[in-house]
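Have a look at the structure below, then the notes.
The values are calculated or read from the model by the stated rules, or taken from the named source; none is laboratory data. Here the structure is a predicted model, which is why all the values come from computation and not from measurement. Cβ placement follows ideal geometry from the backbone for every residue including glycine, while neighbour counts extend to all protein chains displayed.
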Amino acid sequence: MLIDRAALTPGQTLQADLVIVGGGVAGITLARRFANSKTSVLLLEGGGFSATERSQSLYEMEMVTRHSGMDREEVYATRERLRFFGGTSNHWSGWCRPLESWDFEERSWVENSGWPVGFDELKPWYVKAQDHLGLHAFDDQVGPSQGGGKRVFDVDGADFESRTFHFAPESARRFRMHKDELVAAPNVRLLVEANVLRLHADESRSTVTHASVQVEDGPAITVRGTRFVLATGGLENPRVLLLSEEQSPGAFNRHDLVGRYFMEHPHDSTAGWLVFVRGKRREALENLYMRRPRVKGSEMNEMNVWMPSRACQEREKLLNVTLQIRQPKRVKLDDLGKAVQTTNQALYGWDHDAGGEQVQKVRVWTRSENAPRADSRVFLGDDVDRLGLRKAKIDWKLGEAESRSIRRTFELWAAAFAATSRGRARIRIDPDKPFGHTWGGAHHMGTTRMAADPKAGVVDADCKLHGLDNLWVGGSSVYTTSGVANPTFTLMALALRLGEHLAGEIQ
């Protein structure tokens, strides 16, 4: 049922068995899990059913540290996440793949690493997320679009491995499309333009009693529930908890960890470039690493990247990094270019099937894992929004771990690629300015990190806030480490897992 906002009265109380704050991927996934069950569900979404400047303005944040590729902080902090039903899935490009198995492990060379859950525990939920999104099974050796058992091109040696990203079809990745399903469910009530101001705890600071809600152009109301799930995204989750802590000290941020360990994926499209001669031996490389070929008979596209193997990362003490070739550009060769090409062919055994007329020049994009740091954080500033709530600030930290990992990975990959006689790579990373053109992917992670020890994380292995018996957190804010895969697929798997956990608790 869709709640009529005009019928609400000042001070009115709404109540449900399960209150879900946030109508994005995590919140909608949870609500769908309980649709048509005996559990009463109240789903609160801060925006409406379409984007408005008024609602979007409540996402304004200040970037304390801004990297050079992030030209306008208001775009990153305010525009790259969407404040209406469906959340940021409304412009999600659909990149999907699981985290690596070792992302969940404690790695001696990555401080603060190690999830309290393992890959095997999450694997069945990845399969369910894959089914929900209409994806093919992930096979990093054979690209689905290739057919006939054609194997993915890889560089020689054991230091690098191919990874395939699948792109969820638009019909599955726009979560706003689940509106009618939820409105039709007799046990689900949906209230949009419901701005959750704060959560409140009882005197013992062990139970959430209610949420204060300001309805847009409507009354202030109270929402009570037996269980609450906060699923407002990697930046708003910590903001709501920090605002709630002001009213209930000691309940929502007992160990000063909320908002800390903010992680992103540093992207750089200018890290280097690759030149190779076009020809039949290049076709698999072009199809899988440069384009997004459509899988025959489906809406799904795919894209491949390279990453250092776990053994390579451990030996070299690296964070995970992916390399991808993008934006092909053909150039005619002048006499000097032909001479250089001939020399290169003699030195490196390049093919002659391009006829000496063309070479392929492509950019190499890098994307890195972000080391979890306590001083990389989201925190409250002094400015307030139109609801009277303190705005948040973001201080995104990058350091030696990322810069060294990106450059060293590129060096190793360039050497391995040259050994295949298919091309040569040039590194353009300035050692003195390693983040010269770096931006984030709007992948907001880690701000309510998961850990078994309350002094090391905000939520436990079941995503329940340490110290509170009826509050859980959904979304990528619970990530302990970032990996390099886009976060939406994993946060959906975690939401499916959380839904099953809550169903067990309710029963």
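Listing for the model above:
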item: Residues that are surrounded by fewer than 21 Cβ atoms within 10 Å (Cβ to Cβ) and in contact (Cβ under 8 Å) with a residue 40 or more places away in the chain, drawn from segment 196-209; result: Leu197, Arg198, His200, Arg205, Ser206, Thr207
item: Residue ranges of strands (runs of 3 or more DSSP E) in segment 356-442 with at least 2 members touching a residue at least 24 places away in the same chain (Cβ under 8 Å) and more than 30 Å from Asn195 (Cα to Cα); result: 358-368, 424-427
item: Odd one out for Gly157, checked against (1) more than 24 Å from Glu264 (Cα to Cα); (2) modelled with pLDDT of 80 or more; (3) touching a helix residue (DSSP H, G or I) at 6+ places or on another chain (Cβ under 9 Å); result: (2)
item: Segment 386-410: number of residues that are loosely packed, with under 15 Cβ neighbours inside 10 Å and more than 17 Å from Val110 (Cα to Cα); result: 3
item: Failed criterion for Val142 (all others in (1) modelled with pLDDT under 80; (2) buried (at least 18 other Cβ atoms within 10 Å of the Cβ); (3) of a type in the set (Val, Ile, Thr) hold); result: (2)
item: Scan of segment 17-70 for residues that are in a loop (DSSP other than H, G, I, E, B), touching a residue at least 40 places away in the same chain (Cβ under 8 Å) and either among the β-branched types (Val, Ile, Thr) or not assigned by TED's automatic domain parsing to the domain that holds His178 (or both), ordered by number; result: Thr39
item: Residue match in segment 252-272 (condition: among the small types (Gly, Ala, Ser), crowded, with 22+ Cβ neighbours inside 10 Å and at pLDDT 90 or above); result: yes
item: Any hit, segment 415-429, residues being assigned by TED's automatic domain parsing to the domain that holds Phe34, more than 23 Å from Val19 (Cα to Cα) and of a type outside the set (D, E, K, R); result: no
item: Those residues of segment 479-507 which are within 15 Å of His444 (Cβ to Cβ) and of a type in the set (A, V, I, L, M), in sequence order; result: Ala485, Leu491, Leu494
item: Segment 1-54, subset under 23 Å from the mean Cα position of the chain (by Cα) and among the basic types (Lys, Arg), residue surrounded by the most Cβ atoms within 10 Å (Cβ to Cβ); result: Arg32
